[in-house]
Amino acid sequence: MVWPAGVGGPPHDHGTWGVVSVVEGTVEVSQYELVGGASLRELATVEAGPGAVAHVLPPHEDWHRVRNVSSQHPALTLHTYGKDIVKNRVFDEATGKLGWIERRHTISS
């Protein structure tokens, strides 16, 4: 995935195991715990640079967010998951509600 400068996603889960490696740039990875089935509590946030590897492992290590910390340069991450992810749960911080998002992968030439 290419993360434009300053861009990140909302807190989300994948419902399967996953491994993420940082190829270029620096990303901030925040991990969360689902509390009471309807809210998230942040557990930890780390900055990861080239060569760093992180994982997600449901049900307890699944909720997370990734964000490019650079204001000028893109970041590149490589993601491998245990299944094809068509949709996953997201946490809307503005409303405090869980929802679903359909994943769209774009291939450009």
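Within region 49-82, the set of residues being exposed (fewer than 11 other Cβ atoms within 10 Å of the Cβ), at pLDDT 90 or above and either in contact with a Cys (Cβ under 9 Å, 6 or more places away or on another chain) or assigned to a loop (DSSP other than H, G, I, E, B) (or both) comprises GLY51, SER71, GLN72.
One residue stands out among those in region 20-48 that are in contact (Cβ under 8 Å) with a residue 40 or more places away in the chain, under 18 Å from LEU78 (Cα atoms) and not charged (D, E, K, R): the one that is surrounded by the fewest Cβ atoms within 10 Å (Cβ to Cβ), which is VAL23. Within the set VAL56, VAL7, the sole residue that is hydrophobic (A, V, I, L, M, F, W, C), touching a strand residue (DSSP E or B) at 6+ places or on another chain (Cβ under 9 Å) and without any contact (Cβ under 8 Å) to a residue 60 or more places away in the chain turns out to be VAL56. Applying the set (1) touching a residue at least 40 places away in the same chain (Cβ under 8 Å); (2) crowded, with 16+ Cβ neighbours inside 10 Å; (3) within 25 Å of GLY99 (Cα to Cα) to TRP17 leaves exactly one unmet item: (2).
The values are calculated or read from the model by the stated rules, or taken from the named source; none is laboratory data. Remember, it's a predicted structure, so these values are computed and weren't measured experimentally. Cβ atoms come from the backbone with ideal geometry, glycine included; neighbour counts cover every protein chain shown.
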